[in-house]
1. Sort through B:Ala614, B:Ala636 and tell me the only one that's within 30 Å of B:Phe184 (Cα to Cα), more than 20 Å from the chain's Cα centre (by Cα) and crowded, with 24+ Cβ neighbours inside 10 Å.
2. crowded, with 17+ Cβ neighbours inside 10 Å and out of contact with any helix residue (DSSP H, G or I) (no Cβ under 6 Å at 6 or more places or on another chain): which single residue out of B:Gly54, B:Gly105 fits that description?
3. Considering the range B:9-51 alone, what residues qualify as being in a strand (DSSP E or B) and within 7 Å of another protein chain (Cβ to nearest Cβ)?
4. What is the one condition in (1) surrounded by fewer than 23 Cβ atoms within 10 Å (Cβ to Cβ); (2) part of a strand (DSSP E or B) that A:Ile385 does not satisfy?
5. Filter the range B:680-712 down to the residues that are facing another protein chain (nearest Cβ under 9 Å) and not in a loop (DSSP other than H, G, I, E, B), then identify the one that is surrounded by the fewest Cβ atoms within 10 Å (Cβ to Cβ).
6. Restricting the search to the range B:363-377, which residues are under 13 Å from B:Arg170 (Cβ atoms) and part of a helix (DSSP H, G or I)?
7. Any residue that is in a loop (DSSP other than H, G, I, E, B), among the aromatic types (Phe, Trp, Tyr) and either facing chain B (nearest Cβ under 7 Å) or more than 23 Å from B:Glu670 (Cα to Cα) (or both) - is there at least one of those in the range A:444-452?
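The values are calculated or read from the model by the stated rules, or taken from the named source; none is laboratory data. What you see is a predicted model, and the numbers here were worked out from it, not measured in a lab. As a convention, Cβ positions derive from the backbone with ideal geometry for all residues, glycine included, and neighbour counts pool all protein chains shown.
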Amino acid sequence: MTQLRFLLNDTEVALTEVAASDTLLDHLRLTRRLTGTKEGCAEGDCGACTVLSGRLTPDGLVYEPINACIRLMASCHATHIVTIEHLRGPDGGLHPIQAAMVAHHGSQCGFCTPGIVMALYGLWMTDPKAGEAEIETALQGNICRCTGYAPIIRAAQAAGAAGGQAQDALAREREAVAARLAGMRGARVSLARGADRALIPTDTDDLAAALLKEPDSTLVAGATDVGLWVTKFMRDISPAIFIGHLMKDITVEGDLIRLGAGVTYSEAAPVIARHIPQAAEYWQRIGGWQVRNVGTIGANIANGSPIGDTPPLLIALDARIVLRRGADRREMPLEDFFIDYGKQDRQPGEFVEEIVIPIHRAARTAAYKVSKRRDSDITAVAAGIRVDVAEGIITDARLAFGGMAGIPKRARAAEAALRGQPFAEAAFDAAARAIAGDFQPMTDMRASAEYRATVARNLIRRFWLEQSEPGLPVRLRLTERA
Amino acid sequence: MKDDAAPIAGQAHQDTIHDSAIKHVTGRADYTDDLVEPTGTIHAYLGLSTCAHGRITGMDFTDTLAQPGVLGVLTADDLPGVNDVSPNGMNDDPILADGVVHFWGQPVFAVIAETRDQARRAAHKARIDYDALPHVLDPIAARDAGMGYVTDPLTLRRGDAAVAMADAPRRITGRFAVGGQDHFYLEGQIALAIPGEDDEVALHVSTQHPSEVQHMVAHVLGVPSSAVVVNVRRMGGGFGGKETQMNLFACVAAVAAKRWHRAVKIRPDRDDDMTATGKRHDFVIDYAVGFDDEGRIRAVEGDLYARCGFSADLSGPVTDRALFHADNAYFYPDVRLSSHPMRTNTVSNTAFRGFGGPQGAIMAERMVEEIAYALGLDPLEVRKRNLYQNGQLTPYHQEVQDQILPRLIAELEQSSYYQARRQAVLDWNARGGVIRKGIALTPVKFGISFTATWFNQAGALIHIYSDGSIHLNHGGTEMGQGLNTKVAQIVAEAFQCDISRIRITKTTTEKVPNTSATAASSGTDLNGMAALDAANQIKARLTAFVAENWKVAEDQVAFVPGHVRAGDQMIVFDQVIRAAYMARIHLSAAGFYKTPKIHWDRTTGQGRPFYYFAYGAAVSEVSVDTLTGEYVIDRADILHDVGRSLNPALDRGQVEGAFVQGAGWLTTEELWWDDKGRLRTHAPSTYKVPLASDRPRIFNVALADWSEATERTIKRSKAVGEPPFVLGISVFEAINMAVASVADYREPARLDAPATPERVLMAVERLRG
């Protein structure tokens, strides 16, 4: 196929001339003149461009808020894009979310408002009883500079109380839309504009073949980073292979979680919450909701960033990854994948296919993220900590850190200070001292080297305090979840 | 027909929704980038300097011009008129750098192309060579390097501060660095210029100051102002960032529009917007305070060094206002306050909500904290002991006459359970532990009026059409604050007709000339009065007409809901208008207002720059993680004075929003330059404004509904845009308290602002020793 097909509000779109770097936001605003969706930052941080993306999953049609600014057009294939222009109430008037935003004075300048309405719409559809905590989480990816948010939270609560989900247009049209989207899926799609090319493989085997043929292709999953290469750095990403719809399997077998590389943070959240509950809060601090809905764990790893959110935790859990090249597969410990800043153990034509995470039911585990702002911020220091204790003795310790070196990295001196020691404060004090020798962090706009080093040390202390006296107020808490 | 007993919809002093609220939530509110573009619109994109200070030795546009769609490049040599957008006549604000660049990110050239994407890509293909010169980034380094001032400094004096300082029982001196702030208006800078006949050009611009854009464009094109029309329907946020910063973009668009005879749009990306436009001034403040054993201030000396950037822009009035508010709410018996508007190789800083006032006010609160810790007092006690009493003089010799803080603070102290909660915080901290708490009550007294007295004027234009519909126009601009709604309420009430009858129209220099910026919280005060003047002129004509036509005395004519009453006759408003039209009554009026009583002599540092003061206070409680420096605002209680509120719902929105923005300024919003002079926090990925989860967990906001302006302001209301921003200081003070607890409050934490988690943790580590 050489056509990109998707549903835009109630219109089916079929495009033949599409470049890999074309964004959904430009398509909406410039081509379609759907100007309700705004550009605030073009980097997926402010949420003014939030639209809903509906896609078919094994559980049916799912609508999620996404950032149109860094949504590349090829990622929209066989999805339903819903913009603010499509939103209305059952009587054709204001939707309950819109009515509540008006009644509660939830807009001032109004520029962020369509994006906020769409994020709240996404929440309203999936979590009608959302409380303050859930609303805040849903709005992590939306900046409002005028209101101070309080009226928006009140509006979201009022809209939730108003109900009406069953009568909502997207609910009523669900089956019809699902059928239309199903009809768009299937064959490999090859898109081009001039020399610029984008490929949407049919399945993972097709991806393997395509990448083998053109190993220099840019792999695009959620585009939460690649999107910025395009919008901020104007980089040419052609030829690009779009893989966000592939490798979606999640399985739990015994003490192993197997995540396909294309599993998004949002898709993985329930499994993490169930099997690694210590990381549930951490997981919700990865990006904003829009980013979690498209960003994939495989790409977070493959990207190789020293400040990726998942590697410290996954390394602490002894996670392994499966790399695939053509039909060949190899498995390695995740920590070995990161060789040096910007360099990973990935061969031409090879891609991350799966992440295998052992569940350490008896271990003491923690995941910490420290950033300038609590939500939707890039890590200053992230830590994954796992300590195995048997009969009062620390039998093994894994302390992996992000933001402390050019790659996500274990604190081996600190681990050594723990291993074999009694599970007592003295061992953690020793580890906190030892970690100074593990890293030479850098200073940048997010944090100074001194701050990073101090925080790394203190996170070991926090871990001990939390483990030694559960219930001790050691960490800041926002509103408890409903 | 409306029952004449029922009040009109949207009358003054009532909660009324923002006039654009429904358009906002449906995405149908048009911002400048949403307007239908004229056929053949082309696009401009700026090329920015990549050197913090240097001589341009070469500009090579070969590759730029070879890019697809490129029509040409503009440099300083291509501007037909003057290469300057200085808002103060100092001629120090080039549109495009001429020979020398003064900061990293300064506009050097503009590329014009068929599409924005083409122009943007081509701009990055230019090659500009520099001969680098030394650069200076911060104000103290600028002072030490002899960089000089960008504009005249100011000193305010009353009494003899040096003598009183020497005589004071106790003295404390200190230095306090206060960071700047990016506006982060959600809608970035944008202009669309449409060329007209002869020398004419019309622009749609996201600006707070259409008249200045008009004058600047005229200046740069070398044409009379009458040839230029500037239109603004709404902005997606301004906060001061579109008071002067839009001029440059509008001028580039206008120059290109005239040169290529096509409509030209210019919109920088977010990174360029944040790099190339001015921000809130950072300050370094050296303070000395003399006081007695009861915590009463005897003398204050302050030197306020501001990072002004490479040009004056509004740094003169901003640093002046920092001095005007360096007393915050407290009487200084003997005082000397000096501003030092330092020239630096950074973007020229500009207006931002509060306009220097918050930076001055936080100096006062820092001194209060020092006094309280030195004496072992609750800082609130020190605050109360130093509040102005009516009749006392400010450092600029204005007599305080409308003081309401004693009552306001007492009410807030009660309603927030301040005393009990402070005790609970002290008890919590006494137990030790990782999480520490802090609580602080800080007030604000904010002077209302432009300190440039001539700006305190406004115009409005009202037409009533023969069908009875009303067209309202005024010189203020709508940036989300609800100005248009409030002015419409005033007009609706004047004519006693529903607000829906009043058509709010875009601000345009064609209808109201020589307007002032919508700034200094003054929008409603000035434009509301001007609109009322226009309405009253028409009402006077209608009254005379009705009296004559319906044969009653003029004092028997009254405007009542939906009707005009003439003696015992009730005539529907539309009928009155129709009859008036037929009788050839003039149904249009231009209104005008100028603020009375104010005067200011900058040479003596004395006068009455402010018509009145707006007051408020906030109590904030925070929790701080002493292992990481992170914090949460657990609760904030605000009681704020807006006089007789014109629209309590909108006013509460201003208070809440300003408070959170003020808290952001002092917590996570950090501007960070590298050693090359590059601002590295230039997008929301690196510059962190508050999110929903950063707002106070409990947030109680109330208006002091008993307050009424003592001066004859518009319906006895008070301005609200800026004053509550200052209340964000309560969050900062509470964090300071939590940090100080780790050393048992033996000394204040003396955090510099913003109190990022890093600064907080480092202070904890320092205090623990």
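1. On the way: B:Ala614 fails: more than 20 Å from the chain's Cα centre (by Cα).
Of the residues listed, the single one that is within 30 Å of B:Phe184 (Cα to Cα), more than 20 Å from the chain's Cα centre (by Cα) and crowded, with 24+ Cβ neighbours inside 10 Å is B:Ala636.
2. Values: B:Gly105 fails: out of contact with any helix residue (DSSP H, G or I) (no Cβ under 6 Å at 6 or more places or on another chain).
Only one candidate qualifies: B:Gly54.
3. Going residue by residue through the range B:9-51, those that are in a strand (DSSP E or B) are B:42-48.
Selection gives nothing.
4. It is condition (1) that A:Ile385 fails.
5. Pass one, the range B:680-712, residues facing another protein chain (nearest Cβ under 9 Å): B:680-681, B:683-697, B:699, B:701.
Going one step further and asking which of them are not in a loop (DSSP other than H, G, I, E, B), we end up with B:692-694, B:699, B:701.
Values: B:Ala692: 25, B:Ser693: 22, B:Asp694: 23, B:Phe699: 18, B:Val701: 21.
The qualifying residue surrounded by the fewest Cβ atoms within 10 Å (Cβ to Cβ) is B:Phe699.
6. Of all residues in the range B:363-377, those under 13 Å from B:Arg170 (Cβ atoms) come to B:367, B:370-377.
If the condition is that a residue be under 13 Å from B:Arg170 (Cβ atoms) and part of a helix (DSSP H, G or I), then B:Met367, B:Glu370, B:Ile371, B:Ala372, B:Tyr373, B:Ala374, B:Leu375 are the ones that fit.
7. The first filter runs over the range A:444-452 and keeps only residues in a loop (DSSP other than H, G, I, E, B), leaving A:444-448.
Cutting the leftovers down to among the aromatic types (Phe, Trp, Tyr) gives us none.
No.
For every residue, the table says whether it meets (1) in contact with a Gly (Cβ under 6 Å, 6 or more places away or on another chain); (2) of a type in the set (Lys, Arg).
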position: B:His24; (1), (2): yes, no
position: B:Thr39; (1), (2): no, no
position: B:His43; (1), (2): no, no
position: B:Gly47; (1), (2): no, no
position: B:Pro87; (1), (2): no, no
position: B:Val100; (1), (2): no, no
position: B:Ile112; (1), (2): yes, no
position: B:Arg116; (1), (2): no, yes
